[in-house]
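Trainee: Starting off with a structure, shown below.
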Amino acid sequence: MPNPDFPVAAHRHHQDAQLLLADRRWPNADHLAGVAAECGLKAILLGYFGASLGNNSKPVWGQPAKPLGHVNHLWSELPLIISGRSASVFAALIAGPPPQPFASWDIADRYSDGNAITEQCAQEHLDMAKKIMELLEQAVLNGVVP
């Protein structure tokens with residue numbers, strides 16, 4: 001398996017989520033907004049905060065190495081991972097509101113009929129994904145994410 005390219009994947013998923021939201025396809029827009037946020041966060045964690053790619057090319061952090069999961073689980077781990085000089089850049093994002101913006105997002109929703117995913121839900125997740133994308137763009141400008 002080739003090494004993942006989280007920044008490129010984040011941008012691709014974010015762009016597609018925006019198109020799907022504009023087309024009123026809430027479930028798929030919501031799904032890709034969460035995946036975009038997850039990829040963006042993983043790119044930032046790999047660039048700024050010492051996360052690394054494990055043997056299976058999946059991102060890990062800490063000792064012993066702990067896998068970085070999907071955004072709904074990853075978000076609650078961010079305060080444990082993010083520290084040091086760069087932490088202040090992300091403090092406002094992590095502090096909320098809302099305190100856990102992806103609590104209602106689940107990767108398994110891709111298997112659902114989609115009826116429970118509303119426009120508001122998709123828009124909220126896309127709004128947070130946009131904030132993460134802005135942080136990712138800043139990380140690229142700072143030279144810590146390729």
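Trainee: To the nearest 10 degrees, how steeply does helix 6-22 sit against the main Cα axis of the chain, on a 0 to 90 scale?
Mentor: 20
Trainee: Only counting other Cβ atoms within 10 Å, I'd like Ile44, Ile107 sorted with the fewest neighbours first.
Mentor: Details: Ile44 28, Ile107 15.
In order of increasing Cβ crowding within 10 Å: Ile107, Ile44.
Trainee: Contour minus end-to-end for Ile107 and Val144, with contour as 0.36 nm per residue of separation and end-to-end as the Cα-Cα distance? Please list the in-between numbers first.
Mentor: Numbers: separation 37, 0.36 × 37 = 13.32 nm, distance 2.81 nm.
In short, 10.5 nm is gained.
Trainee: I want the local charge near Leu68. Using Cβ-Cβ distances under 10 Å, sum +1 for each Lys or Arg and -1 for each Asp or Glu among the other residues.
Mentor: Values: positive: Lys42, Lys58, Lys66; negative: Glu38, Glu77.
With Lys, Arg at +1 and Asp, Glu at -1, the net is +1.
Trainee: Quote the charge dipole size of region 6-141 about the Cα centre in Debye, to the nearest 20; the model charges only the Cβ of Lys and Arg (+1) and of Asp and Glu (-1).
Mentor: 460
Trainee: Mind giving me the FRET efficiency for Asp5 and Gln120? R0 is 25 Å, r the Cβ-Cβ distance, nearest 0.05 is fine.
Mentor: Details: r = 31 Å, r/R0 = 1.26.
Computed FRET efficiency for Asp5 and Gln120 comes out at 0.20.
Trainee: Right, something else. Of Ala116, His70, Ala87, which is farthest towards the positive pole of region 6-141's charge dipole, taken about the Cα centre with +1 and -1 on the beta-carbons of Lys, Arg and Asp, Glu respectively?
Mentor: Ala87
Trainee: Here is a further query. Rank these for me by crowding, Arg25, Arg85, going from fewest to most other beta carbons within 10 Å. Could you put the intermediate results ahead of the total?
Mentor: On the way: Arg25 17, Arg85 7.
Ordered by Cβ neighbours within 10 Å, fewest first: Arg85, Arg25.
Quick note: the coordinates plus some simple rules give every number you see, no bench work behind them. Remember, predicted model here, so these are calculated numbers, not experimental data. As a convention, Cβ positions derive from the backbone with ideal geometry for all residues, glycine included, and neighbour counts pool all protein chains shown.
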